[in-house]
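Here's the structure, in structure tokens; my notes come after.
The values are calculated or read from the model by the stated rules, or taken from the named source; none is laboratory data. This is a predicted model, so every value here is computed, not measured. As a convention, Cβ positions derive from the backbone with ideal geometry for all residues, glycine included, and neighbour counts pool all protein chains shown. Ligands, DNA and RNA are excluded from the accessible area calculation, which covers all protein heavy atoms including side chains. Shrake-Rupley method; radii C 1.70, N 1.55, O 1.52, S 1.80 Å.
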Amino acid sequence: MKIWLPLFALLAATAGYVWFHPPENLALGRGVLTALPTAFGPWNGTELSFEDAVVEELQSDDLLIRRYQRDDRPVWLCIVYHQNRRYGAHDPQLCYESQGYLIEEKSQARLDDGQPEGLTVNRFVADRPRHQRLVYYWWSTRGAATPDREEMRRRMMMSGALDNRSWG
């Protein structure tokens, strides 16, 4: 009986601490991504949206889907932000395959991001009748970008374990 009283007191103190000191919300809030400029030089952006079922399945903390157009050339930008979600990221190939696209020409590419070494990203062509898309994608967490989903998950896991902060 004597062990239960200190244990109960410790649990009550812990609950009180959590109640009065909730975890810090590291996300700036839903919709912050919409502050991304809608125009980049000659490229003009238009807001798009996913179906409610897709948004619900992604369970993201913020989401941006936008089409940029220059002349008759469109570029789609999709940013899915997860705060403290270990398994939030999935391979975009799944999205395209589920819509009937065939995935071809999988490789990696280097993009100029202003750094001497550039940014290594994944690349594939998604193809179905009358629709072909060239897709570049990568993951980013804690200021480091990688084409390797598992590497991103490891970084998020270590960040969550050591700092109680993980986002990507």
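Which FRET efficiency, nearest 0.05, do residue 67 and residue 95 yield, Cβ-Cβ r, R0 25 Å?
0.95
Separation between the residue 19 and residue 154 pseudo-spin-labels, each 7 Å from Cα along Cα→Cβ, expressed in nm?
4.2
In nm, to one decimal, how far is the residue 108 label point from the residue 38 one, both placed 7 Å along Cα→Cβ?
About 3.8 nm, to one decimal.
State whether the stretch 32-77 is rounded, prolate or oblate according to the following rule on the C-alpha gyration tensor (a ≥ b ≥ c being the square roots of its eigenvalues): a/c under 1.5 gives rounded; otherwise a/b larger than b/c gives prolate, and the remaining case gives oblate. Write out the running numbers ahead of the final one.
Working: a/c = 3.95, a/b = 1.90, b/c = 2.08.
Oblate is the answer for the stretch 32-77, as a/c is 1.5 or above yet b/c matches or exceeds a/b.
Explain nothing, just compute: Karplus ³J(HN,Hα) = 6.51 cos²θ - 1.76 cosθ + 1.60, θ = phi - 60°, for every residue of the stretch 99-110 in order, whole Hz, x for Gly and Pro.
3J(HN,Hα) across the stretch 99-110, in whole Hz: 9, x, 7, 9, 8, 10, 6, 6, 6, 10, 9, 10.
How far apart, in nm, are the 7 Å Cα→Cβ label points at residue 75 and residue 132?
Distance between label points: 2.0 nm.
Out of residues 5 or more away from residue 62 or on other chains, whose amide H comes under 5 Å of its own, with H placed 1.01 Å from N in the peptide plane?
Excluding prolines and chain starts, which carry no amide H, the hits are 81.
With the other protein chains left in place, how much accessible area per residue, in square angstrom, belongs to the stretch 108-160 at a 1.4 angstrom probe?
Counting only protein heavy atoms, the per-residue value for the stretch 108-160 is 63 Å².
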